[in-house]
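The values are calculated or read from the model by the stated rules, or taken from the named source; none is laboratory data. Predicted, not measured: the structure shown is a model, and the values here were computed from it. Backbone-built Cβ (ideal geometry, glycine too); neighbour counts: all protein chains shown. With ligands, DNA and RNA removed, areas are computed over all heavy atoms of the protein, side chains included. Shrake-Rupley method; radii C 1.70, N 1.55, O 1.52, S 1.80 Å.
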Amino acid sequence: DIFDSDWYTSRSLIGRADIIVIKYSVNDKTSFQELKESYTPMIKKALNHCSVPVIISAIGARKNGVPCTCPLCTSDRRSCVTTSEGVQLAKELGATYLELHTLNDFYVQKYFGGVLEYFMIQSLNQKSSEKMKKRKKMQKCHRVQPPQLEQPEKMPILKSEASHYDADLHNLLCCCQCADVAFYPQDFSTVVEAHKVILCSVSHLFMLLFEVKSPTDVHDTSIVRMAQDLFAVETGAAFPLDPCGVPPCVPPLRVVVKDSIFCSCLPDVLRFIYSGAFQWERLEEDIKQKLKDPEKTEHVLEKVKCILKTPGKLNTVKDCRSHQIKRLYNTSLRLFFNTPVLADVIFKIQGATVPAHRAVLVARCEVMAAMFNGNYLEANSILVPVYGVSKDTFLSFLEYLYTDSCCPASILQAMSLLICAEMYQVMRLQHICELYIITQLQSMPSRELASTSLSIVSLLKKAKFHNSDCLSTWLLHFIATNYLIFSQKPEFQDLSVEERNFVEVHRWPSNLYLKQLADYRNYVHSQKCHCSVM
């Protein structure tokens with residue numbers, strides 16, 4: 001969960017940790033590779049900004065015999081994680097490597113616990129040593145001491161907002177706005193509406209059904225056969241239907257579900273897909289309660305597995321567990337970002353066109369939901385003009401809506417994206433941009449801050465104008481904390497009277513300290529004191 005958050009939250013959490021423990025099973029080569037490829041680079045990057053001890057624990061005894069400690073041994077390399085691989089990972093992270101063959105009292109309490117105790121003692125000794133040095137230094141000082149420079153005021157802390165990506169898509173299914181596909185049983189007695197782009201984002205079977213891919217592209221006959229056996233796309237006039245927000249000229253595609261048992265569970269399956277396709281255990285429970293027949297339940301679950309199947313790969317129950325599918329789903333909508341495939345709206349901006357999907361926009365942005373479903377011209381238009389933002393900024397904004405992530409290239413681009421987010425009232429994206437700007441400014445050295453052409457006062461004005469209260473408050477504190485740098489810049493004169501008064505009150509170093517420092521220098525000069533070393 002920590003590493004699924006944005007980078008700045010992850011780095012902050014790791015920096016506050018006392019110790020990092022990385023654990024893996026020596027008999028699960030797949031999880032070790034996943035750990036090495038996905039999480040190790042993140043931890044390595046975070047350790048560049050903080051110093052936290054790391055312990056790597058290899059758990060279990062290798063199934064194919066006594067574990068070999070020879071670094072050149074390759075006998076069990078295919079099925080097990082060798083000692084040399086674990087040691088190499090430890091070297092990359094500067095970590096301590098342990099092998100716990102069984103989780104008994106000796107290995108856990110005395111071996112693993114002993115290493116933990118060692119790091120604790122080292123930390124305590126370091127703190128005690130620093131405290132003792134400080135005390136001795138104070139005892140040696142009998143003459144008049146220079147004034148103590150107080151610490152600058154603490155900056156306001158900006159808290160990151162939790163993601164509601166899965167909830168947004170789940171709400172889209174509940175309200176059925178912009179539905180472009182309707183599922184019917186064979187007797188057409190009921191209807192279940194959905195959205196092609198969401199279904200295709202998690203399923204190659206639906207890509208095949210909606211002609212996003214051809215059978216030759218899928219390369220898996222089981223998926224092709226399942227699509228033919230389970231669904232039939234109807235052609236001709238649509239049944240009377242009034243889906244919210246769909247232009248009357250584009251009726252939903254009708255799809256007949258041939259399997260009556262699966263059709264009765266289709267609302268549960270769609271709820272599973274729209275909720276992020278990672279609550280497999282809950283789907284199992286819902287279908288069991290609805291059908292109350294183990295054979296029918298297994299029949300439906302097998303079809304769901306085939307729908308979620310990756311071509312050429314044998315799906316197992318383990319593949320359907322929470323963490324396996326969630327990672328795929330969080331990035332799957334990226335496949336349809338800035339592509340005309342299944343697009344039903346085109347934005348015209350700065351002479352260029354950007355294709356998009358109403359379902360994603362309506363689910364993720366309340367302003368666009370009102371625009372496409374209200375009494376506005378855009379509700380029945382395919383081409384929608386966009387004003388007030390650049391094409392690159394608008395593309396970054398759409399990328400966030402599709403993927404729930406954004407990576408601004410600079411502070412100015414982050415500010416432009418923040419303005420766009422405020423215009424469309426996407427508050428979480430606004431907070432992410434605020435956090436990016438703050439992090440970049442905090443990491444800027446004083447020399448670079450003094451020479452940069454970036455106008456902090458201009459950022460402050462824009463933040464205030466676009467209702468970014470947290471960022472504008474932080475920038476005022478930032479200017480006050482770096483008073484000696486900003487007071488020499490021409491842009492300092494652009495501050496309002498109220499802002500200038502705030503900066504003068506909270507400036508660092510304070511006027512009182514500068515006066516005390518001047519008095520101390522006069523005292524030293526009057527005593528004709530010289531450096532004892534010289």
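Numerical summary
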quantity: Test: Ala182 is modelled with pLDDT of 85 or more, assigned to a strand (DSSP E or B) and touching a Lys or Arg at 6+ places or on another chain (Cβ under 9 Å); calculated: yes
quantity: Scan of the stretch 191-234 for residues that are of a type in the set (D, E, K, R) and more than 16 Å from Arg334 (Cα to Cα), ordered by number; calculated: Glu193, Glu211, Lys213, Asp217, Asp220, Arg225, Asp229, Glu234
quantity: Selection within the stretch 467-486 - open to solvent by 30 Å² or more (accessible area, probe 1.4 Å) and assigned to a loop (DSSP other than H, G, I, E, B); calculated: Asn467, Asn482
quantity: Candidates Ser12, Ser84, filtered to the one that is among the small types (Gly, Ala, Ser), modelled with pLDDT of 85 or more, part of a helix (DSSP H, G or I) and open to solvent by less than 70 Å² (accessible area, probe 1.4 Å); calculated: Ser84
quantity: Flag if Tyr39 is within 28 Å of Gln442 (Cβ to Cβ), at pLDDT 75 or above, part of a helix (DSSP H, G or I) and not aliphatic (A, V, I, L, M); calculated: yes
quantity: Residue list for the stretch 450-466, restricted to those being small (Gly, Ala, Ser) and open to solvent by less than 30 Å² (accessible area, probe 1.4 Å); calculated: Ala463
quantity: Qualifying residues in the stretch 95-127 (those that are over 25 Å from Leu47 (Cβ atoms) and hydroxyl-bearing (Ser, Thr, Tyr)) - the one modelled with the highest pLDDT; calculated: Thr102
quantity: Test: Val503 is at pLDDT below 90 and assigned by the TED database to the domain that holds Ser472; calculated: no
quantity: Test: residue in the stretch 512-519 that is at pLDDT 90 or above, outside the structural domain of Ser12 (by the TED database) and surrounded by fewer than 17 Cβ atoms within 10 Å (Cβ to Cβ); calculated: no
quantity: Filter result for Met415 (open to solvent by less than 40 Å² (accessible area, probe 1.4 Å) and either in contact with a Ser or Thr (Cβ under 6 Å, 6 or more places away or on another chain) or not assigned by the TED database to the domain that holds Leu476 (or both)); calculated: yes
quantity: Residues located in the stretch 280-305, provided they are over 28 Å from the mean Cα position of the chain (by Cα) and among the hydrophobic types (A, V, I, L, M, F, W, C); calculated: Ile287, Leu291, Val300, Leu301
